[in-house]
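Below you'll find the structure, written out as structure tokens, and then a few comments.
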Amino acid sequence: MIAAAAGSPQNKSDSKWVAPADAAAKKNPLIGTSGAVAAGKKLFLRHCAECHGEDGAGIQDAADLRVLQVQNQSDGSLFWKMTNGNVKAGMPPFARLSDTERWQIVCFVRTLKGDEHPEK
């Protein structure tokens with residue numbers, strides 16, 4: 001849903017899929033807000049899990065959202081990528097979701113753990 005993982009076919013085009021500086025600098029207004037992660041999980045399962053899997057590991061060519069390449073991006077970058085998509089790489093835009101819903105999904109994505117995040 002958000003970005004491509006190392007080794008996936010999307011990764012080759014993802015290196016050029018960079019959020020504009022002003023978008024990348026945006027701060028998530030829901031950080032620390034009660035219920036944001038739980039709401040984000042529900043939205044993720046409804047809108048994102050079909051491609052990224054319930055655990056964010058990615059299904060087929062979809063990005064593994066748990067890897068450092070994704071987790072090291074700013075919240076603003078993830079929000080921008082979710083909003084605008086990257087249709088050439090198979091990531092649809094999710095601008096139809098409200099800003100709040102997209103920020104909630106970003107909050108949930110931050111909770112995903114992979115082998116690169118054993119202590120996260």
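Okay, here's what the table says:
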| item | result |
| --- | --- |
| Selection status of D55, of a type outside the set (K, R), outside any helix (DSSP H, G or I), surrounded by fewer than 17 Cβ atoms within 10 Å (Cβ to Cβ) and modelled with pLDDT under 95 | no |
| Single unsatisfied condition, Q60 versus (1) part of a helix (DSSP H, G or I); (2) of a type in the set (S, T, N, Q); (3) at positive phi | (1) |
| Positions within the range 67-84 being within 18 Å of Q104 (Cβ to Cβ) and assigned to a loop (DSSP other than H, G, I, E, B), in sequence order | Q73, S74 |
| Residue satisfying all of: in the range 39-52; touching a residue at least 24 places away in the same chain (Cβ under 8 Å) and among the hydrophobic types (A, V, I, L, M, F, W, C); surrounded by the fewest Cβ atoms within 10 Å (Cβ to Cβ) among these | C51 |
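The values are calculated or read from the model by the stated rules, or taken from the named source; none is laboratory data. In this text the structure is predicted, and so the values were computed from the model without any measurement. Reconstructed Cβ throughout: ideal geometry from the backbone, glycine too, with neighbour counts over all protein chains shown.
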